Amino acid sequence: MSWFYPFLQAVLDGILTGSLYALIAMGMALIFGVMRIVNFAHGAFLMLGMYATWVIFEYGHVNPYFGFLAAGALLFAIGAAVYAGLVRHIPVQAEFMIILLTLGVSLICVDTVLLVFGADYHQLNFPLLGKNFRLGSQISLNAPWLISFGIALLAAAGLYLFVMRTMFGRAARAIAQNPYSAPLMGINIHRVQAVTFGLGAAAAGIAGGLLLPVFYLYPDVGHLFNLKSFLMVVMGGMGSIEGAAAAGLVLGVVESLTSLYWGNEWALVVDFVIFILVLSFRPSGIFGSQRA
Amino acid sequence: MKRPQVMIGTVIFAVALVIPLFLHNDYFLQVIFRLFLFATLGLAWNLVGGYAGQLSLGHAAYFGVGAYGLALLSKGMSPWLAIVGGVVLSMICALIIGSVSFRLRGPYFCLATIAFTEVLRLIAKNLPNVTGGDVGTPVPLLFPHNSMRSFYYACVVLTILSFAITYWVERSRFGYYLMAIREDEDTALSVGVNTARVKLWALLLSAALSALAGALYASLFLFIVPDQMFGVEVSVEIAILPMLGGAGTLLGPLVGSIVLETASEVFKNIFKEAHLLIYGILVVLVVLFLPEGIVGTLNRKLRWFKAAPRTPFASAPPPGPAEESKRIPLPLAE
């Protein structure tokens with residue numbers, strides 16, 4: 001049984017990481033599902049969320065587990081502004097123009113942060129960080145990861161319910177189904193899409209705030225998560241947010257197991273190989289029903 | 001038909017060939033070397049991204065494989081043979097990448113090209129015994145004598161070659177196939193264009209030119225690391241240049257490279273390591289105000305052609321029932 005506890009530990013760690021992946025991916029899936037926009041600035045939004053939480057912690061001494069709320073609000077505003085100021089003016093059919101646009105937004109975000117805060121790595125330091133939560137004699141879970149996991153789960157559930165149960169969510173899903181008849185049904189398409197873009201960005205911002213205590217911080221940190229969230233959205237299937245969430249959890253576990261058996265440096269390779277395999281054989285996704 | 005563009009191109013190349021006679025400053029030569037290097041990469045990208053409308057964000061793959069091919073193969077053979085080896089390797093990569101990702105459309109294609117390039121970058125990082133890993137690997141110097149000037153001339157000649165190839169493609173049947181695929185792949189297929197094969201040929205050509213540029217770049221700097229050759233920033237830069245200048249135009253990549261490299265050189269001193277900021281701002285401005293790029297917009301404004309072929313990615317017509325099916329891209333080509 002000597003293999004069992006390391007395996008279980010890796011699976012549990014993977015689920016903890018995966019919950020944050022899920023939240024990031026849900027934000028991107030929401031934007032992709034409603035507007036068919038591949039948002040290359042998603043990682044940059046995550047990074048902005050991390051920096052916002054960090055600034056509040058460093059200068060306002062607010063615990064990041066409250067600070068992430070401010071990061072979410074800020075990113076909601078930024079997301080809605082990016083939509084209203086930029087994305088809105090590009091015709092939807094010019095999909096590569098939108099990819100380029102979001103790439104440009106991402107470069108601007110990352111390099112502005114680089115100018116203001118410099119390229120240094122930062123890491124939070126507060127008493128909770130070293131604490132572990134022990135399950136039996138063999139398994140131990142890192143306390144800040146557990147808290148982030150709990151909050152991420154709540155945020156993901158909230159986002160899901162908001163999209164599935166409210167009138168706004170219904171309007172967004174109507175646009176996803178058919179962007180041409182939705183306005184005919186009295187939906188203010190630009191307002192709904194601005195809020196959707198804001199919500200997607202806010203999900204990334206909240207995930208950034210939750211990631212801050214357990215990760216390190218530098219201007220280009222979002223890049224890694226950007227590529228992973230593409231993978232999760234494609235795996236989840238055509239902008240289905242529940243599919244993206246499932247893909248996030250699976251990805252977390254797969255990465256964790258790869259690190260355990262092959263070594264950390266191969267985890268990303270496995271990610272991208274999965275990405276290529278999914279794109280070649282199941283481009284409509286593995287999880288979730290195929291929506292619109 | 002493309003007279004003005006060819007003439008402007010010829011003037012630029014003539015000036016470029018004369019410059020070293022007056023300019024003895026190695027730093028400036030290196031800046032212009034970089035300008036023409038990225039013009040070559042932009043021209044190579046333009047064959048696939050501009051004419052065929054297949055928007056690759058993974059051209060760093062071919063650039064990097066060309067460079068690593070030279071570095072690794074030259075351990076066992078002469079560097080000139082190693083360059084050929086690098087080009088062949090890069091074309092093999094293009095064959096694999098193309099045959100998988102050309103089945104995909106729209107954003108899916110774009111993401112697939114990124115994924116392949118990332119796999120190559122990580123492989124280069126994770127196999128320290130073969131590639132030197134994160135530490136990097138030395139590259140042989142191709143021109144030991146009068147080095148900077150030789151590199152400069154080699155690069156300008158490579159750009160001229162790419163320009164000539166683009167000129168040929170633009171007027172050939174092959175080029176018209178590519179443009180047909182860009183405008184409407186299904187229609188192209190239905191009138192008998194073997195779209196899969198045509199796209200693959202364009203990518204092979206593009207990969208070969210990119211690999212040559214990669215080898216030249218690596219040899220000048222004598223040492224390469226994975227992030228510098230395979231990084232997403234490289235792919236983005238390669239794609240942005242022709243988009244800025246005008247994708248699907250002969251002169252576009254050259255103009256884009258001149259504008260962008262000059263801007264980045266000027267702003268490097270102001271913004272230090274944040275010099276990509278200017279890229280971001282330029283990209284956003286181009287997308288908003290010049291969706292056809294500089295040359296594309298000038299073409300339309302000045303009516304240099306009587307019946308100008310539509311440049312790609314221009315603002316699409318307002319959505320109507322006919323466009324509706326286009327909005328949601330089919331992930332798989334049928």
Give the residues of segment A:270-292 that are of a type in the set (Val, Ile, Thr), within 17 Å of A:Tyr21 (Cα to Cα) and buried (at least 19 other Cβ atoms within 10 Å of the Cβ), sorted by residue number. A:Ile274
Selection from segment A:89-111 of residues that are more than 21 Å from the chain's Cα centre (by Cα) and surrounded by 15 or more Cβ atoms within 10 Å (Cβ to Cβ): A:Ile90, A:Pro91, A:Val92, A:Gln93, A:Ala94, A:Glu95, A:Phe96, A:Met97
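Would it be correct to say that B:Val255 is within 8 Å of chain A (Cβ to nearest Cβ) and modelled with pLDDT of 85 or more? Lay out the reasoning, then the answer.
On the way: within 8 Å of chain A (Cβ to nearest Cβ): no; modelled with pLDDT of 85 or more: yes.
No.
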Could you list, in sequence order, the residues of segment B:263-281 that are within 11 Å of another protein chain (Cβ to nearest Cβ), open to solvent by 40 Å² or more (accessible area, probe 1.4 Å) and not in a loop (DSSP other than H, G, I, E, B)? B:Phe267, B:Ile270, B:Phe271, B:Lys272, B:Glu273, B:Leu276, B:Ile281
Of the residues that sit in segment B:122-148 and are among the polar types (S, T, N, Q) and open to solvent by 60 Å² or more (accessible area, probe 1.4 Å), which one is nearest to the other protein chains (Cβ to nearest Cβ)? B:Asn129
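Of everything in segment A:41-80, what is in a helix (DSSP H, G or I) and within 13 Å of chain B (Cβ to nearest Cβ)? Give them in sequence order. Working first, answer last.
Step one: of segment A:41-80, the residues in a helix (DSSP H, G or I) are A:42-60, A:64-80.
Within segment A:41-80, A:His42, A:Gly43, A:Ala44 qualify.
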Within segment B:149-165, can you find the residues that are in contact with a Phe, Trp or Tyr (Cβ under 8 Å, 6 or more places away or on another chain), surrounded by 21 or more Cβ atoms within 10 Å (Cβ to Cβ) and not hydrophobic (A, V, I, L, M, F, W, C)? B:Tyr152, B:Thr159
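It is to be established whether one or more residues within segment B:199-222 are in contact with a strand residue (DSSP E or B) (Cβ under 7 Å, 6 or more places away or on another chain) and either open to solvent by 10 Å² or more (accessible area, probe 1.4 Å) or not small (Gly, Ala, Ser) (or both).
The answer is yes; a qualifying residue exists.
What number of residues in segment B:238-262 are assigned to a helix (DSSP H, G or I) and open to solvent by less than 20 Å² (accessible area, probe 1.4 Å)? Quick ask: steps written out before the conclusion?
Just the residues of segment B:238-262 that are assigned to a helix (DSSP H, G or I), to begin with: B:238-245, B:252-262.
The next check asks that each one be open to solvent by less than 20 Å² (accessible area, probe 1.4 Å); those that pass are B:238-245, B:252-254, B:256-257, B:260-261.
Residues that pass the stated criteria total 15.
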Which residue out of A:Leu199, A:Leu124, A:Leu114 is closer than 22 Å to A:Tyr21 by Cα, among the hydrophobic types (A, V, I, L, M, F, W, C), over 20 Å from the mean Cα position of the chain (by Cα) and buried (at least 18 other Cβ atoms within 10 Å of the Cβ)? A:Leu124
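The values are calculated or read from the model by the stated rules, or taken from the named source; none is laboratory data. Just so it is clear, the structure is predicted and the values come from calculations on it, not from any experiment. Backbone-built Cβ (ideal geometry, glycine too); neighbour counts: all protein chains shown. Please note that ligands, DNA and RNA were not included when accessible areas were found on the heavy atoms of the full protein model with its side chains. Shrake-Rupley method; radii C 1.70, N 1.55, O 1.52, S 1.80 Å.
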